[in-house]
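Here is the structure we will look at.
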Amino acid sequence: MKDYLQYISINPQIRFGKPCIKGTRIAILDILQWLASGMTEKEILEDYPSIKKEHIQAALYFAANREEMIKMVSA
């Protein structure tokens, strides 16, 4: 997913600047925590109708990219 950033915004006025899904107050961290706690993609989509499958994928790509950046900085 090359264009994952089109789904993510960082605005200091929303959730204290945490990366969120555009047009929502749902943070990338929220999605990651839901997945880590065992929620399925289907459950997230049912519980949060403003979220779409591509938003979940964007959250995962964002987190993976952040991990890669941390790895490069510490090297």
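The values are calculated or read from the model by the stated rules, or taken from the named source; none is laboratory data. From a predicted model like this one, the values you see are computed outputs, not experimental measurements. Every residue, glycine as well, gets a Cβ built from its backbone with ideal geometry; the counts of neighbours run over all protein chains shown. When the accessible area is computed, the model is the full protein with side chains, heavy atoms only, and any ligands, DNA or RNA have been set aside. Shrake-Rupley method; radii C 1.70, N 1.55, O 1.52, S 1.80 Å.
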Self-check item: Residue list for the range 1-38, filter: closer than 14 Å to Glu54 by Cα, without any contact (Cβ under 8 Å) to a residue 12 or more places away in the chain and open to solvent by less than 100 Å² (accessible area, probe 1.4 Å)
Solution: Asp3
Quiz prompt | Restricting the range 42-58 to residues that are open to solvent by 70 Å² or more (accessible area, probe 1.4 Å) and in a helix (DSSP H, G or I), the residue that is nearest to Leu5 (Cα to Cα) | solution = Gln57
Practice problem: Return the total of residues in the range 1-41 being of a type in the set (A, V, I, L, M, F, W, C), over 17 Å from Ala63 (Cα atoms) and outside any helix (DSSP H, G or I). | Solution: 2
